[in-house]
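Written below as structure tokens is the structure these notes are about.
The values are calculated or read from the model by the stated rules, or taken from the named source; none is laboratory data. In this text the structure is predicted, and so the values were computed from the model without any measurement. Glycine also receives a Cβ, built like all others from the backbone with ideal geometry; neighbour counts cover every protein chain displayed. Areas reflect the complete protein model, heavy atoms only, side chains present, ligands, DNA and RNA absent. Shrake-Rupley method; radii C 1.70, N 1.55, O 1.52, S 1.80 Å.
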Amino acid sequence: MHPRAGMGLFLYDSASRGNIPFVPADPERVRIYTCGPTVYRYAHIGNLRTYLLTDLLVRTLRFLGYGTFTVQNITDMGHMHQEQLEGGEDKVIAAARAAGKSGREIARFFTEAFFRDARRMAFLPADAYPRASEHVPEMIELVRALEERGAVYGEGGYLYFDVTKAPGYGIFSGARLGEGEAAERTDEAIHRHKRRPEDFTLWMPAEPGREFQWESRWGRGWPGWHIECASMALKYLGPSFDVHVGGIDLRFPHHENSRAVAETATGKRFAAHWLHAAHLLVDGKKMSKSAGNEYTLDDLEAGPPGGGKGFSAAEFRYYCLTLHYSTPMNFTWEGQAAAARARSRLRAAFRRAALQATSGEDAAPALRAEFRGAISDDLNMPRALAVVHEAVRKGIRGDAARSLATEWDAVLGVGLLPEAGAGSEAAAFDEGEPEGVPDAVAALARERDALRAAGDYAAADVLRGRIRAIGYEVSDHGMGPGRVWKP
């Protein structure tokens, strides 16, 4: 048995650079923030591997008996000046220009595309999906709080954050002040009035013709990138929460700066744990449009460029689980095919085992302990998959096989028993009311929807607790009606 089997959950923390025990402030409501998509195109498989990390974390926490509350933002507004678009390719606005649409139209279209891909990947829905464009007032308030603490300076309509006012700045980059890189996306106008490279913009003036702009005490303008996530996390999770999740590419400067502004404004620790998913390469190369290897789920289903069998989202999910989230993944069509075959064999083995007379029950407790130990060791899914394969080799049959497959697939979400699908809770994304929900529960859900629409999230959270107390769960798809389901 692995030495950590039976122990508590350990997670690698990017800030402290080590595996540390996970001790949430409230085990009944572990609060998680995930940096979500910038909605200007379809999500590629590298994006989806990063978002899978949050799904595995939430599934593991629930498996271990924790309650969760998850927030994933949607970045739906641009971050560059109009004159920089051709050279800098502001993602949302440039995509809109190319399509002859408004930035908001492009963002709405690709937001829905993201939700469709999330369903295909069997991701459990977040509890809230705040749009950046709908939370600019909160961003303005955050800048005002930083002004009161003397951490803001500016000129010509630009406001900058003074990183010398942030205790512990450089925790992710490891650089001392004056030695770090510029903490901005490429736009020369932004750097004009900065005192040091690490300082970054909090607010910028809006030039004529800019689609995304808002009124503020500093004039019409738009917020800097790094305060978006900070302001939304503070609104939905409070000044301190349990886990912040994102891709390794966001560790610096985005997460460094989000942490800096939040902690400077509140005087409290922002996130207790920082989890980062490693990069995904394709055939050893970085994905890009020019290289023709920026694959989406549709591309996987269509199959290799030269022809051949396509692969499902569930098969790609299984492929991802064969590597630890912190290990860079090199996607190859051959590797994907091997993963698809392994998943198919595993599903077939469990299907046959489930139809046979029950046997092997004596081995089940040790296997359960090994699986629990694997996922508790920094979400070690490769080792968890090895335990699942070991169960097949040990001859687990009948009710014992069905029980183990159901339990383990609640974490893995790969459809170990074909009739169960790849994680039934992800059906909370689906349209329509589920059958069998009592009228009283449905009424509470409708009342909660109205409170969310009115922006009263605290009251809505109380009703979620009442729904859970009755034995049901409710998950939110964007800002539309919540979906009620039976755990």
About the Cα centre, charge dipole magnitude for the stretch 242-283 (Lys/Arg +1, Asp/Glu -1 at Cβ), debye: 240 debye
Full-extension gain in nm, R446 to D249, via 0.36 nm per residue minus C-alpha separation: 67.0 nm
Under the rule rounded for a/c under 1.5, else prolate if a/b exceeds b/c, else oblate, using alpha carbon gyration tensor axes a ≥ b ≥ c, the stretch 280-391 is classed as oblate
Rounded percent of accessible protein surface that carbon and sulfur make up, the stretch 208-249, 1.4 Å probe: 52 percent
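With r defined as the distance between the Cβ atoms of L417 and R468 and R0 fixed at 30 Å, what FRET efficiency is calculated, to the nearest 0.05?
On the way: r = 26 Å, r/R0 = 0.87.
E(calc), rounded to 0.05, equals 0.70.
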Between A369 and K101, what is the label-to-label distance in nm when each label sits 7 Å out along the Cα-to-Cβ direction? 5.5 nm
Let me check against my output: what whole-number percent is the relative contact order of the stretch 201-357, with C-alpha pairs under 8 Å and at least 6 apart? 16 percent
Once amide hydrogens are built 1.01 Å from N within the peptide plane, the residues lying 5 or more places from V282 or on another chain with amide H under 5 Å from its amide H are M287, F331
FRET efficiency (E211, K165; Cβ distance; R0 35 Å; to 0.05) is 0.60
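Quick one: of K235/K268; K165/K286; K289/K309; K101/K286; K101/K289, which pairs are farther than 26 Å apart, Cα to Cα? The partial results should precede the final answer.
Details: K235/K268 14 Å; K165/K286 36 Å; K289/K309 23 Å; K101/K286 29 Å; K101/K289 21 Å.
Exceeds cut-off: K165/K286; K101/K286.
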How many nm is it between the label spots at A291 and K268, if each spot is 7 Å from the Cα in line with the beta carbon? 4.2 nm
What net charge do the residues around A340 carry, taking every other residue with its C-beta under 9 Å from that of A340, with Lys and Arg at +1 and Asp and Glu at -1? +2
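Assuming R0 = 51 Å, what is the FRET efficiency of H389 and R144, from their Cβ-Cβ distance, to the nearest 0.05? The partial results should precede the final answer.
Values: r = 56 Å, r/R0 = 1.09.
Rounded to the nearest 0.05, the efficiency is 0.35.
Give me the number: length gained by fully extending E155 to E134, i.e. 0.36 nm times residue separation minus the C-alpha to C-alpha distance, one decimal in nm. Kindly include the intermediate steps, with their values, before the conclusion.
Details: separation 21, 0.36 × 21 = 7.56 nm, distance 2.65 nm.
Separation in residues times 0.36 nm, less the Cα-Cα distance, equals 4.9 nm.
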Probe 1.4 Å - accessible area at S102, Å² to nearest ten: 40 Å²
In whole Hz and in residue order, list the ³J(HN,Hα) couplings for the stretch 236-242 that follow from phi through the Karplus curve 6.51 cos²θ - 1.76 cosθ + 1.60, θ = phi - 60°; x for Gly and Pro. 8, 10, x, x, 9, 9, 8
Listed by chain and number, the residues whose amide H is under 5 Å from that of D13, excluding neighbours fewer than 5 places away on the same chain and using placed H, are G18, N19, I20
Probe radius 1.4 Å, ligands and nucleic acids left out: which of E215, E370 has the largest accessible area, and how do the rest follow? E215, E370
May I ask you to list the trypsin sites (Lys or Arg not before Pro) in the stretch 277-331 that are in a DSSP loop and have at most 15 other Cβ atoms within 10 Å of their Cβ? K286, K289, K309
Once the other residues with Cβ under 14 Å from the Cβ of S16 are scored (Lys, Arg +1; Asp, Glu -1), what is the net sum? +2
